[in-house]
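The values are calculated or read from the model by the stated rules, or taken from the named source; none is laboratory data. Keep in mind the model is a prediction, meaning the values are calculated, not measured. Virtual Cβ from ideal backbone geometry, glycine too; neighbours counted across all protein chains shown.
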Amino acid sequence: MAVLSNILGSKICVASVPGGYYSKAVATTAAEAGITTLFNSKPTTRSYMVGPCLVHGRYAIKRHASPSVAAGLATNGLVQTSKQAAVWKAQNVAKLAGPLYLQVRARLLN
């Protein structure tokens, strides 16, 4: 992180966990590295502390989402938030397949 801080010319205190691979160990390590705000991909409006690091979930509005999906997420609509939560939980189960999950995901995204 020091290299990136030097390139940017300022301290990095906010980060995002890519690909949904968040765990408490990730948050703890981020906090130890000086991150004070960490975003993960869990669809929730609740935030919590892991040491000195505030962890936020988020809802994703993807490029193919309709305006009604975006509006539902922006207003914390039950239907849209529930759908994202269900998909997220299913993906977490699928991630147990390890590399196979990544191969299938790459094919679906391309």
Review point. Can you pull out the residues in segment 25-39 that are within 18 Å of residue 4 (Cα to Cα), among the small types (Gly, Ala, Ser) and surrounded by fewer than 14 Cβ atoms within 10 Å (Cβ to Cβ)?
Key: 33
**Study point:** Cβ pairs under 7 Å, 6+ apart, first in segment 44-68 and among the aliphatic types (A, V, I, L, M), second surrounded by fewer than 17 Cβ atoms within 10 Å (Cβ to Cβ)
**Key:** 50/24; 50/28; 54/36; 54/37; 54/47; 55/47; 55/48; 61/70
Point to revise | Neighbours by Cβ (under 8 Å, 6+ apart or cross-chain): first from segment 2-18, surrounded by 10 or more Cβ atoms within 10 Å (Cβ to Cβ); second at pLDDT below 90 and not hydroxyl-bearing (Ser, Thr, Tyr) | key: 12/1; 12/4
Exercise for review: Kindly indicate whether residue 73 is surrounded by 12 or more Cβ atoms within 10 Å (Cβ to Cβ), under 15 Å from residue 44 (Cβ atoms) and either in the same structural domain as residue 18 (by TED's automatic domain parsing) or of a type in the set (A, V, I, L, M) (or both).
Suggested key: yes
Point to revise | Matching residues in segment 45-59 - criterion: being surrounded by fewer than 16 Cβ atoms within 10 Å (Cβ to Cβ) and in a loop (DSSP other than H, G, I, E, B) | key: 45, 46, 51, 52, 58
Review point. What number of residues within segment 13-27 satisfy the criterion of being aliphatic (A, V, I, L, M) and assigned to a helix (DSSP H, G or I)?
Key: 3
Study note, to complete from the structure: The condition of being outside any loop (DSSP other than H, G, I, E, B) and within 17 Å of residue 12 (Cα to Cα) holds, among 71, 30, only for 30
Check your understanding: Looking at segment 5-42, which of its residues are at positive phi and in contact with a strand residue (DSSP E or B) (Cβ under 7 Å, 6 or more places away or on another chain)?
Key -> none
